[in-house]
Every structure is written in C-alpha cells, then in structure tokens.
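J.: Dropping the structure in here first, questions after.
Taken together, the values in this text are just the output of simple stated rules run on the coordinates, not laboratory data. Because the structure is a prediction, the values reported are computed rather than measured. Cβ placement follows ideal geometry from the backbone for every residue including glycine, while neighbour counts extend to all protein chains displayed.
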Amino acid sequence: MAGKTLYDKIWDAHVVDTQDDGTCLLYIDRHLVHEVTSPQAFEGLRMTGRKVRAPEKTIAVPDHNVPTTPGREDPKNMTEDSAIQVAALDKNAKDFGINYYPVSDIRQGIVHIVGPEQGWTLPGMTVVCGDSHTATHGAFGALAHGIGTSEVEHVLATQTLIQKKSKNMKVEITGKLRPGVTAKDITLSVIGATGTAGGTGYVIEYCGEAIRDLSMEGRMTVCNMAIEGGARAGLIAPDEVTFDYVKGRPHAPKGAQWEAALTWWKTLKSDDDAHWDKVVTLKGEDIAPVVTWGTSPEDVLPITGVVPAAGDFKGGKVEAAQRSLDYMGLKPGTPLSEIKIDTVFIGSCTNGRIEDLRAAAAILKGKKIAPGMRAMVVPGSGLVRAQAEEEGLAEIFKEAGFEWRLAGCSMCLAMNPDQLSPGERCAATSNRNFEGRQGRGGRTHLMSPAMAAAAAVTGHLTDVRDLI
Amino acid sequence: MDKFTKLTGIAAPMPLVNIDTDMIIPKQFLKTIKRSGLGKNLFDEMRFTQDGEEIAEFVLNQPAYRQAEIIVAGDNFGCGSSREHAPWALLDFGIRCVISTSFADIFFNNCFKNGILPIVMPQEVVDVLMDDARKGANARMTVDLENQTVTTSDGQSFAFEVDAFRKHCLLNGLDDIGLTLEKVSAIDTFEKTAAQARPWV
C-alpha cells in the first residue's frame, strides 16, 4: 500500500463519518468568521433555534468592509450598510459567545493574519472560513479552505463539514531563488504555469528547497494564492520554522501540551512513497520577479516581458485575453516596464505581514514616490502596524509619501472607501486582478511588495532588481 | 431549499472563460445581511453602465434571454471569491442550472446548497449546447436530474455525472444541517476521542 500524503494524514485524523458513496463528515478545529459572509448564517441559526456548537473554536473579526482611516470605532464614520454588517457581527459574537476582536482592539486585522498571529492556527488542524483565502493557513500544515455561507451555518451548528476528498497535487520548487525574487513571485509563477483551473479538484502541497527556505510569512503568501490556482487548499509541511513561529503565541499550547503537540506535528509530512495525482516542478532559479498584465491571476509574465497579443493564446482564452487587453487598456508588444501606474496598494492577506512591509520599506528608504502617485500601506493587523511603527518602517513609508492606514482588507476588494476610479491603474500586492475588483473600471497589476514599492518610486512597472 | 427535478427553459450562451464571482455579483452588493433580492444586480458591471443603463449587447439584456433559466458557460465558471451571493444572485434572477466544462470548487459546492444544478460536460458537448443556446428563446433545453440528461431543442440528449448524495439532496430539497444533526452522536464521540488525542486543539 502506498504511503500517505500530508493531506491524507490530516484528512484521516478528522473524519467523523463516511457514507457508502465516499461523502464524509469532516470535523473542523477552527472556524474563522468575518462580517460579510456570516450574517445570513447566524440568521439561519436564529430561525431554527440552533446554537453554535463550539464557540470556543470560533473566532470572529470584522475586516472586509471596515474603513482604514481613524475614527472608525464610531459607526457614524462608516457607510450605513457597512455599519449594519459590523453591528451584526458585534451582536452575533456576543449572543453566541464566540471569540471576537472588534475594530477597537489592537489585535483586529485581516482574519487570515489574525488567526496565525494569535496562535489559533496550528499544524494538523482543519480550518475553515467564509472566505476563499483561507488557504493561507495551509502554510502551517493545516488543512484550510474557504466555504460558502450555507457551509458557515453548517459549521456553526455542527462543527463539521460535508466533504468529498480531493486529489493530491505536489508543487515542488527546487533550488534557490535569485535576488529580488520572493514568495509572491513563486505563487504567481505557479499559477502562470498551471492556469487558474490547474488545481481544480486538488489539494496542493508545496515543497522543495525554495519553499523550505521561506519564512512563515512567505509560506503564507504562497498558500494564500492556492485558490487562485483553483485548488481547494494549499499545504506546506510544518518544520522548525513553523514551530518557532507558533511557540509562545497566545493560543498556542504550552508546557506538556506543547511537547505532546510537537510530537504529533513532527509526523505531519508526506511519506516518501505517497501517491501524487499530479506533479508540477519549477526551478527556483528560473523564477523572475513577475507582474500580471490581464484580468486573471494566470496572466503572469516576468517584468522583463512584453504585453502579449490575444493571438498568442488558444481556445476560449483568445476571447478572454482580448477582453483583458481592452479592459486593461494595453497594446500588445509594449514592454511591461513601460506601463505607467498612478496608484500603489501594499497590504492584503497575501502581503500585509511584517516581512512584506520590511521588503517594501527597504526599497523606499530615503526615496519619494513619483509625482501624482497615490500610494497606501494597509498593515494586515493592528499588531503588524504597531510592530512596523516600532521598527521605524512607518516613518519610511510616510516620508516616501505613502498613506499609513489602519488594518483591514481595504483596496484588495474595495468594499470599503479605498477604491480605484475608472481607468486608474494600480500596482497591488493583493491576489486578484479581476475586472472591477479594486473599483469599477480600475486596472490592477499584481506583484510582490518590493516590486510595488519600486513602481511607486518610478511611476511605472519596474524591475526591482534595478533598484537593489 | 427548492427541489430540482426537471427543468425546461431558455439557455443563455456565455462562452467567456474564467467568469469569476466578482463578475457574477460585484462586491458593492455584498453589504447585505439577507440572501434575497440580489438578482437585479446579477452580472451588474457587464449588464449595466455606470449610470445604470442596460448594456444592450449583454446576453441577459437581449429579449431572447431575459427569461433564461440555464447558462451555458466557458471553462472555470465561478472562480475567485467564495461569496455565496453569486449563486443567490443567479437564483434570484431565475437561473437554476449552469453548464460548463469546469467549475471552481467553492462555487460548485455553493450551488448545491441553493437548489442550483451545476453540470460538468466535456468540451465537445458544451460546444453543441452553446450552439443550441445561441438559437434563442424558441430553443428550449431540458435538464432532467432524475435521469441525468441534458436534451437540446432538437432532441439531442447527453448524459451527465452527478454525485449521488448531492443528487438525492437536490431532488428532495433536503437541508444539509438537518441531515448532519442526525449524526450528532458520531460528532460527540469524535470530539471525545479527539480531545484525548489532541487536547491542545
């Protein structure tokens, strides 16, 4: 019998029940909740008289639509519909007795940054949230994926999820990365290679030397975008880097429990003879700093490339590529490094952690943003923000001309006032470049924090290697 | 949840690949605490100008497709955000079935929770169905879940696969939570065992 993958092992440890057709009931260890995809689920509980089965395993934080400007504790400073959603989360957290970090709490932030930061996310767990970027938590060797609101209600009521097992896919990044190349470039390059449906039906395990060499922040960036490759979840086997990050966090195990946990966590890796349904291998040294040119995260090219033509593609992608070029206002053959931008957004659950802010600040130190540029940094949590202030990063950003905001999802999905206007072009460290994602008619180029900082300085997409 | 058994209706052709949930229902409409009423904003930025005028060429604005109940779509329909507002908006507009070569995982799951049937067909079948959909309002397609077939307006029939449990739930309009709560003793047992094996969780 073949060995097991990491996914197999976590799955097996959480199966409550298996039906004849293979449909399983999977136990959920952590349920993260935010204000936008949960109100209807709590309403469903009220209408049926059901309770939250495990409030101690449920953590809520408002992040998607909260303003990132001062004074937001006062609902009068929110739009009316946002205030209603945040008030609903306040009430639901209180009524159902779940863990809660309101906007007034320094620990508030993007749910996928708060979970790991507070030690809620641990290796070997099952983690769900009504948000597709739940894949982030896979960086800890946790099986983590996004769910819809009906499933949010199901998990609240039963602490389980009805699931069928996905297939196993291995994505190996061999060797070392070159200077100026980051976790964001890895994850975008993988999507560029496999397409946005390449991972559909799979759980991905990322491995190889270049992945092992990443910090936890970098690993979270990689797993965060597993969903953009279509996968249900992305995983990285836990190791000393993981254990060092987790140890001492507020909700991490302590004392004898820590030792017991560590013993189990060290077994959480794929066996050498495990079966893989699909394998993708990239050489770390082949990965360049990349940007997206179109309106799908698979539209990835090295910054040294040129805007492609629709005719470069096949099948249904021809029409989609033409639509992207029209939407983005780009001419085939234009060098990517000549594309002018007017907005820079550094933040999001993909790149809103301390290491991301350090990487951007390293480029910005002693420099100013280009004339007319609007640039903002939105730290991923209140604690990231405080740490960045302590390290002097906030000063570097402010002196360069960036706005220094409060924590939230912000312009990644533009549900709050942070939005692009039609035709505005943004260098963004977030995860989606869909039409209208950052505001109707707004044009998004995805890239790493260092690349976004470089673009802020020069006013156009820029190879960060020219500035280091 | 409404049952899904057999549906005969107009199919709208949407051959674009990678239609994402931001297109299906843009974020400004997620600021609701209800499930209902999202149909008027379905495909909002493709369907309406910034001033709220209808964009005539968009398929669901064309007279033949205003009453569509089925969408035949390009690859990877429903990719992106997990927002269940996407199937809520489709359902509220009147769409009960989407046919494509592939769907994004979360959207696919969300459909079944709302009485919408997503059908995966090979490219050559989707091509035939797309052509049939292009014929307009007089060409009605039939989706029969019990027999797992899609039949074009000219009588060509194609079989499709569907998960047995999901089919059962759709045919009977069953509530997942109610079904799971019948297994509450298994959940209790699992929790006790897991609390001993992994007390730190």
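J.: Springs between alpha-carbon pairs under 10 angstrom, Gaussian network model over chain B: which of B:D92, B:D154, B:D44 fluctuates most?
T.: B:D154
J.: For A:K365 and B:F58, what does the FRET efficiency come to when R0 = 51 Å and r is the distance between their Cβ atoms, rounded to the nearest 0.05?
T.: It comes to 0.60.
J.: Right, next: Hey, can you grab everything whose amide H is under 5 Å from the amide H of A:S38? Only 5+ residues off in sequence or another chain; H modelled, so Pro and N-termini drop out.
T.: Excluding prolines and chain starts, which carry no amide H, there are no hits.
J.: For a test of the definition: using alpha carbon positions, the gyration tensor, and the 1.5 limit on a/c, classify region A:167-286 as rounded, prolate or oblate.
T.: Here region A:167-286 falls in the prolate category.
J.: If you don't mind, there's one more thing I want to ask. With a/c under 1.5 counting as rounded, go ahead and sort region A:362-464 into rounded, prolate or oblate using the C-alpha gyration tensor (a ≥ b ≥ c being the square roots of the eigenvalues; past the cut-off, prolate if a/b is larger than b/c, else oblate).
T.: oblate
J.: A further question follows. Around A:D17, which amide H atoms from residues at least 5 apart in sequence, or from another chain, sit under 5 Å from its own amide H, with H modelled in the peptide plane?
T.: A:L25
J.: Going down the list A:K170/A:K266; A:K184/B:K34; A:K76/A:K398; A:K167/A:K247, which pairs span over 30 Å between their C-alpha atoms? Let's see the in-between values first.
T.: Working: A:K170/A:K266 20 Å; A:K184/B:K34 36 Å; A:K76/A:K398 27 Å; A:K167/A:K247 32 Å.
Over 30 Å apart, Cα to Cα: A:K184/B:K34; A:K167/A:K247.
J.: Going by C-beta contacts inside 10 Å, put B:M130, A:M447 in order with the fewest on the left.
T.: Final ranking by Cβ density, sparse to dense: B:M130, A:M447.
J.: Only four residue types carry charge here, +1 at the Cβ of Lys and Arg and -1 at the Cβ of Asp and Glu. Report the dipole size of chain A about the Cα centre in Debye, rounded to the nearest 20.
T.: 260
J.: Next question, about the same structure. Roughly how big is region B:1-131's charge dipole about its Cα centre, with Cβ charges of +1 (Lys, Arg) and -1 (Asp, Glu), in debye to the nearest 20?
T.: Using Cβ point charges on Lys, Arg, Asp and Glu, region B:1-131 gives about 720 debye.
J.: List every DSSP H helix in chain A whose Cα atoms extend 18 Å or more along the helix's own long axis and whose mean Kyte-Doolittle hydropathy is at least -0.5.
T.: Helix filter hits for chain A: A:80-96.
J.: Still on this structure, I have one more. When Rg is the radius of gyration of the Cα atoms in the protein assembly as shown and Rh is its Kirkwood radius, what does Rg/Rh come to?
T.: 0.94
J.: Right, next: Please tell me which of these pairs span more than 26 angstrom C-alpha to C-alpha: A:K165/A:K278; A:K9/A:K283; A:K314/B:K6? Working shown, then result.
T.: Values: A:K165/A:K278 15 Å; A:K9/A:K283 28 Å; A:K314/B:K6 35 Å.
Check vs 26 Å cut-off fails for A:K9/A:K283; A:K314/B:K6.
J.: Can you put A:D342, A:D277, B:D75 in order of Cβ neighbours within 10 angstrom, beginning with the fewest?
T.: Fewest-to-most ranking of A:D342, A:D277, B:D75: A:D277, A:D342, B:D75.
J.: Could you list the square roots of 5 times each eigenvalue of the Cα gyration tensor of region B:6-173, that is, the equivalent ellipsoid semi-axes, sorted largest first and rounded to whole Å?
T.: The three semi-axes for region B:6-173 are 24, 19, 14 Å.
J.: Let me ask something else. Specify the inter-centroid distance of region A:81-100 and region A:140-157, based on alpha-carbon positions, in whole Å.
T.: Value for the Cα centre distance between the two parts: 18 Å.
J.: Along the positive direction of the dipole of region A:167-286 (beta-carbon charges: Lys, Arg +1; Asp, Glu -1; about the Cα centre), which of A:A252, A:A226, A:T263 reaches farthest?
T.: Most positive-ward Cα: A:A252.
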